[in-house]
Amino acid sequence: MKARVIVTLKNGVLDPQGKAIEGALGGLGFGDIDSVRQGKVFDLDLRATDKAAAEAEIAQMCEKLLANTVIENYAIEID
């Protein structure tokens, strides 16, 4: 089973890396961008066969390591 975890900053949290990317894109001539928010993606290969159990385990991984839940949100996608 394959899973993807997408971690993004919560709304209202400053994103200096996103601002730097926004400025760089503007400097490259991509001027139609209002804002950029950056995040992280984790692709996981799991031995699990139960989708619900796998999602619960991945949520624990996010809460303990993959995401700083004070300032970040996460979304789990399982194939």
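The set of residues in segment 35-79 being part of a loop (DSSP other than H, G, I, E, B), surrounded by 10 or more Cβ atoms within 10 Å (Cβ to Cβ) and either touching a His at 6+ places or on another chain (Cβ under 6 Å) or without any contact (Cβ under 8 Å) to a residue 60 or more places away in the chain (or both) consists of Val36, Arg37, Gln38, Leu46, Ala48, Asp50, Asn68, Thr69.
Which residues, taken from segment 4-34, are of a type outside the set (A, V, I, L, M) and surrounded by 14 or more Cβ atoms within 10 Å (Cβ to Cβ)?
Let us first name the residues in segment 4-34 that are of a type outside the set (A, V, I, L, M), namely 4, 8, 10-12, 15-19, 22-23, 26-27, 29-32, 34.
Arg4, Thr8, Asp15, Gly18, Lys19, Glu22 - these are the residues of segment 4-34 that are of a type outside the set (A, V, I, L, M) and surrounded by 14 or more Cβ atoms within 10 Å (Cβ to Cβ).
The number of residues in segment 1-43 that are more than 21 Å from Val70 (Cα to Cα) and either in contact with a helix residue (DSSP H, G or I) (Cβ under 7 Å, 6 or more places away or on another chain) or of a type outside the set (A, V, I, L, M) (or both) comes to 15. In segment 11-34, of all residues being part of a loop (DSSP other than H, G, I, E, B) and over 17 Å from the mean Cα position of the chain (by Cα), the one that is modelled with the lowest pLDDT corresponds to Gly31.
The values are calculated or read from the model by the stated rules, or taken from the named source; none is laboratory data. Being a predicted model, the structure only gives us computed values, none of them experimental. Cβ atoms come from the backbone with ideal geometry, glycine included; neighbour counts cover every protein chain shown.
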